């Protein structure tokens, strides 16, 4: 079990961070979870994230407790849903701005909704971030087959990335 999220974690953006991300238009404001994205599926791959958002974002390993990650029916990508005593490994990206989230919202489509979650970073610290979960009304679209990142990378990533770069639906 990971540490509970007791409150907001604030981080200050700096000009150095702006140069590191390569993302134009990032403002130097104090921000909280609105600037973090927890990715558990295809967006863990930097090339996919870059194809969707148009820039490179810094990420670190993280774990989301009480959720499970399963294949979406008939697709090669996953979705997550609340599940007691389960956990999902992924990447938490920082420096995600509203323009990026608008692109991510379009990419994720109607199957998912963006929600605020509490997760644990690689150092054991609690963080709040946004992530995309399967909408309650569409949870029948999830199989009970766990999604496997390595299998996706070996069998589906090149074709998936090609569609992302072309702006096609996955």
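The values are calculated or read from the model by the stated rules, or taken from the named source; none is laboratory data. Predicted, not measured: the structure shown is a model, and the values here were computed from it. No Cβ is skipped: glycine too gets one built from the backbone with ideal geometry, and neighbour counts run over all protein chains shown.
Assuming residue 122 fulfils every condition listed in (1) in contact with a strand residue (DSSP E or B) (Cβ under 7 Å, 6 or more places away or on another chain); (2) surrounded by 14 or more Cβ atoms within 10 Å (Cβ to Cβ) apart from one, which condition is it? Among (1) in contact with a strand residue (DSSP E or B) (Cβ under 7 Å, 6 or more places away or on another chain); (2) surrounded by 14 or more Cβ atoms within 10 Å (Cβ to Cβ), residue 122 violates only (2).
Taking the stretch 110-126 as the range and being within 14 Å of the chain's Cα centre (by Cα) and closer than 24 Å to residue 158 by Cβ as the test, only 112 passes. Looking only at residues of the stretch 103-130 that are in contact with a helix residue (DSSP H, G or I) (Cβ under 9 Å, 6 or more places away or on another chain) and in a loop (DSSP other than H, G, I, E, B), we find that the one that is farthest from residue 66 (Cα to Cα) is 110. Filtering 56, 100 for residues that are surrounded by 15 or more Cβ atoms within 10 Å (Cβ to Cβ) and assigned to a loop (DSSP other than H, G, I, E, B) leaves a single hit, 56.
Would it be correct to say that residue 49 is part of a strand (DSSP E or B), modelled with pLDDT of 95 or more, under 11 Å from the mean Cα position of the chain (by Cα) and within 14 Å of residue 107 (Cβ to Cβ)? Spelling it out, it is not the case that residue 49 is part of a strand (DSSP E or B), modelled with pLDDT of 95 or more, under 11 Å from the mean Cα position of the chain (by Cα) and within 14 Å of residue 107 (Cβ to Cβ).
Quick check, is residue 88 within 16 Å of residue 148 (Cα to Cα) and under 13 Å from the mean Cα position of the chain (by Cα)? Criteria met by residue 88.
Here the condition is being buried (at least 16 other Cβ atoms within 10 Å of the Cβ) and more than 21 Å from residue 145 (Cβ to Cβ); of 76, 94, 42, it holds for 94 alone.
Results for (1) crowded, with 19+ Cβ neighbours inside 10 Å; (2) at pLDDT below 95; (3) part of a loop (DSSP other than H, G, I, E, B), shown as yes or no for each residue.
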position	(1), (2), (3)
132	yes, no, no
138	no, no, no
144	no, no, no
153	no, no, no
165	no, yes, no
